[in-house]
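Right, one structure below, let's go through it.
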Amino acid sequence: MSMWRRVTNLFRIKQVNNEIEEELQSHFDEALAQGRDPDEARRAFGSPLRHREASRDARLITWLDALRADAIFGLRQLRKNKITSLAAVLSLALAIGSCMAAFRLIDAVLLRPLPVANADHLYEVSRHGVFNNQSFTYNAWSYPLFQAMRVAVKDQAELLAVSNTEPEDLTYKSDQEMERAQVQYVCGWMLPTLGLRPKLGRLLSESDNLHPGAHPYAVLSQGYWEHRFGEDPKIVGRTFRMDERVYEIVGVVDGEFTGTEPGTMVDIFVPVMMHPGVSANDWSWHRTLAILKLGAAVEPLRAKLEAVSRAFEEQRMNGATAGMPKEQRDAFLNQQVLLEPAASGASQLRTDTRRPLTILCVLVVLVLLIACANVANLMTAQASSRARELALRVSIGGGRWRLVQLVLVQSACLAFLAAALGALLAWWAAPFVVGMINPPDNPARLLLPADWRVVGFGLAIALAVTLLFGLLPALRASTVNPATALKGGEDAHARQRLMHGLIGVQVAFCFLVLFVAGLFVTTFERLSHESTGFSGDCVLVVDTVTKQAQPLAYWNQLLDQLRHRQGIEAVGMSDAPLLGGGNWSNFISVDGLPPNGVIAYMRRVSPGWIDALKIPLLDGRDFLPRDSQPGSALVNQAFANAYFHGKSPVGRTFEIVFSGNFRLRFQAVGMVGDVRYEELRQPLVPQVYVPFRILGEKGEVRDVGGADLVVRTTSTNPLVLSQFLRDEIPQVRPEFRVSRIRTQLEINQSHTVRERLLATLAVFFSVVALLLAGVGLYGVLHYYVLQRQREIGIRIVVGAGIANIARIVTVDVFIALVGGSAAGLTLGIASARFMASLFYQVKATDPPMLIVPTLVLIAVAILAAIPAVIRASRIDPASMLRVE
Amino acid sequence: MSRRTDALQGSLDLLVLKILSRRSRLHGYAIMSAIQEISADVLRVEEGSLYPALHRMEESGWVRAEWVTKENGRRARVYQLTTAGKKQVGTEESRWKAVAAAVNRVLLEA
């Protein structure tokens, strides 16, 4: 009989028994038919029970059968102690669910290999350098440099150019029906090199990579083709328009490949040759990935890339060196090239969330450990009430190992129930957290399949948990001594020591979670209350685009018209919103001297822009419509500090130094207050504002193709105006179209998304940890009072007061609490170093960071102790002693 | 009942296999009767041990069992050799011969 049959027989035991019974019966019948005496036949046969057992053992796997019996018994035990079991299952489910959700996230962002043929040979090429004593890692490259590197390492690796995926406006029909899609520029050979195949049509190829601007072809991802076009089989050949250009769809990628950036899913792939920066040697805009050829080593490849990169930059800087201080130049040229494995892709999300996710993971594991300690304590307490049963089992011949198995199986029942519940939690929680990762208008999109990786992880966790909380009580149960246990007196001290030890461990972990949560909450508080230097309340940022660049006069006309509309207080425009990305920086030269090495950050703004954002004008005047570039500029306080020793530069002139030592001369017409430029965490940087009115070589005014209108409304909810603006702007001029409307506050808040996420999750986990620790503490004290009823009763008789009783009941737990807190504090301070980069203006050693968790823990401990103390003080000595 | 079965214990498998190799599709009682008959009542299988032995051999894959309905309408479980069982007959037989020869040598030389 096959193993499988023996396993399946387990689930039809009754039938197996019946079959054996029937066969033995037919033996008798045969014997009687042969004329034998019934009694003689029965005697000859011997004990039917014994033979049945022997036959049964042959047809079943006995240990598995025992396991089944234990499982049934375990479940029955769980049902018997409903409240305890429910508490245990729920707390474990919460912890296991959090673990699984965290694993799903970490797996999707950091671990899961890309669905391509050669994921394990995939590396990302980036540069690492030190500027102004700060180290930076850049992963953006310019395409001409990429080409030089590709040729140089042709024999060792294939290089891939991949832009960041950006949401782009495009239309399949008329301009009135614009929609957004995630577009990525990729080198033509990328898709075939990654071993991908077309589902329809063809993929991009090397021949789509020949001439800048000459290959308006696009390939769709399968997911996009499915949900946007309903798997339209005639998709190949359709066109769409994006940025004044018409692209033809030539194919659909087969499979779930959605780009190399976890966190964003590419809808449309277009060739790098269509990117406006493809010929520029000073525009770094794409990532570089490398697929190592078989047998190629990493280090020689890295060295070669570094050499090519350095030579290229040196060449490029020739002529520009006059405009650059020597140490800056050296720092720039001495950048190191890094080659890091990227089997699971490379994205900003990965870089940004690696550390937060790791911390999340640690918090979750701590919560799991707290829950385990809790359940172990509950099980130990329960085991004490089962001591008699276990002793009985030993006395009638149950082996020690069978006892261990019995208790472990019960733990496993608990763990697997909890894991099943936890899986439900993870199912819901993981996408919920992903939704919180990015700002709402551009949410992170991750593949979160519940495949064997997740299921396997869940099972592994359930097993680990079983061992963690089941093993100690199981081993303890197996050492039961029948003689003493059956007499009723059993040494309770060892058991209590174990329980107090577990309480100490719980408190330590709980302290750690609280401590970390405190740091993250403070970081979020400080960062979100950080002054930006401008007022974002009531401000809408209206991303306005035109089909072709329009004369500046039209834009001014638009601003004028909007300025007089109901509900609008002030209007201005800039090339990009404050804190909304778009970084443009140059060196500054004063009085024709070489630059001093401090970088100034640029922004193009219209007259009235500073009023719309309520940026204070400290000296001079705002722009007037006649101000132009080169010519007039506004600067900020930090600029005055960096280049004019803090004196107002109004009326003074300076030059902006571009690459190649090309200079433009400006006169400062006004000085404004400092504002945050790109990042909330950055120090305030020197800034130069220049007018939109750009004079060409012949003195003509250049047209403007797009700008962010900054609209200050009178309403506290500026979004009520968004539909009005969408309708109104095309009415002023049909060429104008609104691409996107955001509030300035929303843009500001997008800088604290990560901090908010960490703070929210950390607070959630602290609440869970506190709850679990509180329940654990309560349970242990409750058990303790039960155990010592007699002693306490006697103490009350001889005149002990409530304070005395409270001391007796809580002293051991209090010691565990103090020890645990001390351990947690040490752990916390030690671990804070690894998280320091995530904190903002808060240190692990700040006294409030240490005092608050301690106070919270003490409060919870007191709350948990009160019921036990009350119970102890209410013990009626008379009835207690009568029972004995 | 005579207590000669002990000596038979190890060779019960051999006897059952041998019987089944001559006559297929026998039920337990028939196997027992056959052993008794052929050995002229010298070998008596302890009836109870027969079934565990049969089930063990079934689990080892030497014999295959199936339920058949007899003329009287009752069901009986009949056994037959599998391919593995047929090979096993040879193995068991040669082992028996080796043991018997060894025992004989001891008897002769002692």
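Worth a mention:
- Each label was represented as a point 7 Å from its Cα along the Cα-to-Cβ direction; for A:D232 and B:E93 these points are 7.9 nm apart.
- Once the Cβ-Cβ distance of B:R25 and A:I72 is raised to the sixth power relative to R0 = 22 Å, the FRET efficiency obtained is 0.05.
- At full extension, A:L32 and A:Q147 could sit 31.7 nm farther apart than now, given 0.36 nm per residue minus the alpha carbon distance.
- The calculated 222 nm mean residue ellipticity attributable to helices in chain A amounts to -17000 deg cm²/dmol, summing -39500 (n - 2.57) over DSSP H runs of n ≥ 4 and dividing by all residues.
- DSSP bridge analysis restricted to the range A:539-714 gives an antiparallel fraction near 75%, rounded to the nearest 5.
- Checking the cross-link pairs A:K173/A:K547; A:K14/A:K80; B:K18/B:K97; A:K547/A:K698 against a 22 Å limit on the alpha carbon distance flags A:K14/A:K80; A:K547/A:K698 as lying beyond it.
- Residue-averaged [θ]222 nm for chain B, counting only DSSP H segments that reach four residues, each worth -39500 (n - 2.57): -19500 deg cm²/dmol
- Fully extended contour minus Cα-Cα distance, from A:V798 to A:R726, at 0.36 nm per residue: 17.4 nm
- Residue exposure sequence - A:R702, A:R76, A:R445 - by fewest surrounding Cβ within 10 Å: A:R76, A:R702, A:R445
- Order of A:I83, A:I106, B:I31 under a 10 Å beta carbon neighbour criterion, fewest first: A:I83, A:I106, B:I31
- When you restrict to C-alpha pairs under 8 Å that are six or more residues apart and normalise by the size of chain B, the relative contact order lands at 28 percent.
- Helix A:298-317 vs. chain A, principal-axis angle (Cα, 0 to 90°, nearest 10): 20 degrees
- Relative contact order computed over chain A (Cα-Cα under 8 Å; 6+ residues apart), in percent: 15 percent
- Spin-label pair A:T826-A:L624: with each label point 7 Å from Cα along the Cα-Cβ axis, the two points sit 7.3 nm from one another.
- Under 11 Å, Cβ to Cβ, from A:Y554 - net charge with Lys/Arg +1 and Asp/Glu -1: -2
- For the segment B:73-86, counting C-beta atoms of other chains within 10 Å of every residue's C-beta and taking the mean gives 2.
- For A:G501, the shell of other residues with beta-carbons less than 12 Å away shows a net charge of +1, using +1 for Lys and Arg and -1 for Asp and Glu.
- Neighbouring partner chain Cβ atoms per residue of A:20-26, average, 10 Å criterion: 5
- Counted by Cβ distance under 15 Å from A:T137, the other residues give a net charge of +2, where Lys and Arg count +1 and Asp and Glu count -1.
- Net lengthening on full extension, A:L424/A:D282 (0.36 nm per residue, minus Cα-Cα): 46.1 nm
- Kirkwood hydrodynamic radius of the protein assembly as shown, from the reciprocal of the average inverse Cα-Cα distance over all distinct pairs: 36.1 Å.
- Average beta-carbon neighbours from other chains, 10 Å sphere, peptide B:44-50: 5
- Between helix A:753-787 and chain A: long-axis angle, C-alpha atoms, 0 to 90°, nearest 10: 20 degrees
- Most mobile of B:Q88, B:Q80, B:Q36 in a GNM of chain B (Cα contacts under 10 Å): B:Q36
- With Cα atoms, 0 to 90° folded angle of helix A:48-59 axis to chain A main axis: 20 degrees
All of the numbers you see were taken from the coordinates with simple rules; none came from a lab. Fair warning: this is a prediction, and the values are worked out from it, not measured in the lab. Counting neighbours? That spans all protein chains shown, and the Cβs are built from the backbone with ideal geometry, glycine included.
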